[in-house]
Amino acid sequence: MEKLISKYLSDTATLEEKQKLLEWLREDSNHPKLFRDIQQIWYSSNNIFLREVEINRAIELFKKRAAKYEEKKKRMNKLLFYRISVAASLLIAIFSTGGFLLGKSMKSANIQEKIVNNVIMGKDSKGNVALPDGTIVWLNAGSKLVYPEKFSEEARIVKLEGEGYFDVTPNPKVPFYVETDKMKVRVLGTQFDLKNYPGRSSMETVLLSGKVEVIFNNSKNVILQPNQKISIHKETGEHAIEEFNAQNQVLWTNEQLVLSDKKLSEVLQSIGFWYGVNVTSEESIDLNQRLSLTIRKESKEEILELLSLIIPIKYEIGTEEIIVRSKYPKVKP
């Protein structure tokens, strides 16, 4: 498996190999963490290809951790899923984790049948899916991805609601599009994150590598470079581009977030990236105080309640923003 991961990260894996990798990722809850350990070492090199010593380091890390969980894996039950047919036109598979839903609907178009897949993540679940071209998509909680069983020869088009991290298989002859209700993103082969949750006033696209073109309905298109973020107001269509550490945007794809002896300012910022919301704090809070924290599957309400027991803060949670205040605000003279 370590060779397969290396091939995937260097863009040399075949579609069959990518599908095999995805099956392995779903096989054990520990596998995504092992995969991301190798992936982080890969990206930290800032090169398309790793030097041999880095490959060996990644593979050795994988072997050690894989061996640690091998016995545990044997004791775990295999992932169960149930298939339910509805009127011979709808197939739904619900995985035993309770948070992942995959639907297939067949639509008649003259003689040919077009199969459309719907992947839905539950409120507290995350997951990934391999598309027909080998592209892998990580979906955040409360997200929905719609894609065809087979892409056309002219374009690869998917629709996203919520947040998704895309690792797109390069194919210059067949561009890849992600559509939302207000815009679409065109790519040739790249890694980017797109956030478009219902009920929020804005949506965002952050580019990790490659190049994407953001296509608007009523304004000039914009091309993003790596480590740039574009924010678009849904009602007005106004947008702004800023330089941004793109790796922060995809923190949510990890199994856990470990913060060790970090300043409160860094902790609050990381919490914002993890839960996909803006976190603001009042000046009365000492943002230089240090603490350690590990987030796994806890809700933002649970984590903020924990913080309020450790340090004297109170908080307000909104749809798009968390406001953190001091429990003991300073009295103005």
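The values are calculated or read from the model by the stated rules, or taken from the named source; none is laboratory data. All of these numbers come straight from a predicted model, not from anything done at the bench. Here Cβ is always computed from backbone atoms with ideal geometry, including for glycine, and neighbour counts include all displayed protein chains.
For this structure, a couple of remarks:
- Of the residues making up the stretch 141-155, those that are farther than 14 Å from I115 by Cβ and either buried (at least 22 other Cβ atoms within 10 Å of the Cβ) or at pLDDT 95 or above (or both) are S143, L145.
- When the stretch 200-254 is filtered for residues that are over 30 Å from V267 (Cβ atoms), in contact (Cβ under 8 Å) with a residue 12 or more places away in the chain and of a type in the set (S, T, N, Q), the ones remaining, listed by number, are N217, N218, S219.
- Among the residues making up the stretch 289-333, those that are of a type in the set (K, R) and modelled with pLDDT under 85 are R296, K297, K327, K330, K332.
- Filter result for the condition that a residue is within 19 Å of the chain's Cα centre (by Cα) and among the acidic types (D, E), over E320, E305: E320
- The residue that is surrounded by the most Cβ atoms within 10 Å (Cβ to Cβ), counting only those in the stretch 165-180 that are in a strand (DSSP E or B) and more than 16 Å from the chain's Cα centre (by Cα), is F176.
- Exactly one residue among G142, G134, G162 is on the phi > 0 side of the Ramachandran plot, touching a Gly at 6+ places or on another chain (Cβ under 8 Å) and either among the hydroxyl-bearing types (S, T, Y) or not in a strand (DSSP E or B) (or both), and that residue is G142.
- Among the residues of the stretch 145-159, those that are touching a residue at least 24 places away in the same chain (Cβ under 8 Å) and part of a loop (DSSP other than H, G, I, E, B) comprise E149, K150.
- Within the stretch 200-256, if we keep just the residues that are of a type in the set (K, R) and either more than 20 Å from the chain's Cα centre (by Cα) or not assigned by TED's automatic domain parsing to the domain that holds E161 (or both), the residue that is surrounded by the most Cβ atoms within 10 Å (Cβ to Cβ) turns out to be K234.
- Members of the stretch 118-127 found to be in contact (Cβ under 8 Å) with a residue 40 or more places away in the chain and surrounded by fewer than 20 Cβ atoms within 10 Å (Cβ to Cβ), listed by number: D124
- Candidate set: the stretch 181-192, residues that are of a type outside the set (V, I, T) and surrounded by 22 or more Cβ atoms within 10 Å (Cβ to Cβ); chosen: the one nearest to Q225 (Cα to Cα): F192
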